[in-house]
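Notes follow the structure.
The values are calculated or read from the model by the stated rules, or taken from the named source; none is laboratory data. None of these values were measured; they are calculated from a predicted model. We place every Cβ from the backbone using ideal geometry, glycine too, and count neighbours over all the protein chains shown.
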Amino acid sequence: MAVVRHETGRIKKGDTVVVLTGKNQGKQGNVIRVIHKKDRVLVERVNIIKRHQKASQTSKGGIVEKEASIHASNVALLCPKCKKGVRIGYKHHDDGSKVRVCRRCGEELDK
């Protein structure tokens, strides 16, 4: 069975996204990291988990809170004009450059 990996290609590091489903539904944040092989993204201050960390010479032990990844299909790019999570389209300029655009209002998302 082939795995279709197309969601993470539309979302990039630094984008502002909104969570569509799950316990963090409606939360917004910036993308910290994109994991293309697993179709997942790490979003700032979203999907916080607690991990027990053993003390070492460099770090103090204890319970550490950090972000866990979310599947890319559960987030949508936030359009600055619409102020909503939107689907992404592409537009080609005359100089050959390709930019992402909002499917709802047509606003360019890459500045």
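Some values worked out for this structure:
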item	result
Filter result (not in a strand (DSSP E or B) and not aliphatic (A, V, I, L, M)) within the range 59-80	Ser59, Lys60, Gly61, Ser69, Ser73, Asn74, Cys79, Pro80
Among (1) at pLDDT below 95; (2) more than 15 Å from the chain's Cα centre (by Cα) - the single one His52 does not satisfy	(1)
Residue list for the range 81-107, filter: among the hydroxyl-bearing types (Ser, Thr, Tyr), in a loop (DSSP other than H, G, I, E, B) and closer than 16 Å to Ile11 by Cα	none
Hits in the range 18-28 - residues which are at negative phi and of a type outside the set (Val, Ile, Thr)	Leu20, Lys23, Asn24, Gln25, Lys27, Gln28
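Per-residue answers, yes or no, for (1) surrounded by 10 or more Cβ atoms within 10 Å (Cβ to Cβ); (2) touching a strand residue (DSSP E or B) at 6+ places or on another chain (Cβ under 9 Å); (3) over 23 Å from Lys111 (Cβ atoms):
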{"site": "Arg33", "(1), (2), (3)": "yes, yes, no"}
{"site": "Val43", "(1), (2), (3)": "yes, yes, no"}
{"site": "Ile48", "(1), (2), (3)": "yes, yes, yes"}
{"site": "Thr58", "(1), (2), (3)": "no, no, yes"}
{"site": "Ser73", "(1), (2), (3)": "yes, no, yes"}
{"site": "Val86", "(1), (2), (3)": "yes, yes, no"}
{"site": "Asp95", "(1), (2), (3)": "no, no, no"}
